Amino acid sequence: MCTGSCSRFIGIALYVLTAVSIICNIILFFPDFSIKFSQDDHITEEVKYMGGLIGGGIIVLIPAIHIHLTSSKGCCNNRCGMFLSIGFAAAGVSGAVYSMSTAALGLANGPLCLWENSENPNPTWGTPFYGNGSYLENTDWWEWCQEPKNVVQFNLTLFSILLVVAGVELVLCLIQMVNGLFGCLCGTCSGDKTEGQADMVPAGLKQQAGEVRTKPWAGPDGTGTGIPWPETGDCRDAGGGVCGCGDADDGPLPIR
């Protein structure tokens, strides 16, 4: 695969991944799909870090735009553009790592919720699973959270998606760093090969292949006046006279 084609694939894939990352992070601000908890500031702390919005979203989106441009004809489809894509991809790596870290923390610490159990009979707002990742296996503990409804499953699903998306973004950006290095050293090959081959054809052959050259035919009086005719093929005098196929110096030819 050409370095330009590889950049095109990576750029388009990153567009999709950044969109998913941004959407998931925005949805996390509305547990139980309600704005009530956001207004009361009862939002899981790791959601406020906006790892999916800033890290896996904006910080990765900017490199994705440049990486995609290196596959298109223009200012970036050259060795310099490929060299710059290495730096942009490195920035994408940092964004993906940030998104992955916040998602991992969100899964490890659990959600903020109004919870109660035998040890805490009075419902209070807090993070009952903080520092205790075993809650992921003990699904019975999820019932401790009273509000928002099903917040454990809600956070678990979205943070897991963010974690996977950030991991894929990280891999793609690392691949682009290698691809950019090859593109910088060897150049891109995403140009139009047809145009390149056409430029190698001598001008004389192009004229013979693409143009019909005409010559005047000699009329009965031997002059070089008459209707232009193609270089190849027969011709006849429209008036039934002698027709000359060639230059006037070639002399007239009989009618067939």
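Throughout, read-outs are computed from the coordinates displayed, never taken from laboratory work. These numbers were taken from a predicted model, which means no experiment stands behind them.
Quick notes
- Principal axis dimensions, largest first and in whole angstrom, of the range 1-61 by Cα: 52, 18, 11
- Estimated D of the range 93-189 in µm² per second, where Rh is the Kirkwood radius over Cα pairs and Stokes-Einstein applies at 20 °C, 1.002 mPa s: 138 µm²/s
- Each distinct pair of alpha carbons in the range 1-136 adds a 1/r term; the inverse of their mean, the Kirkwood radius, is 17.0 Å.
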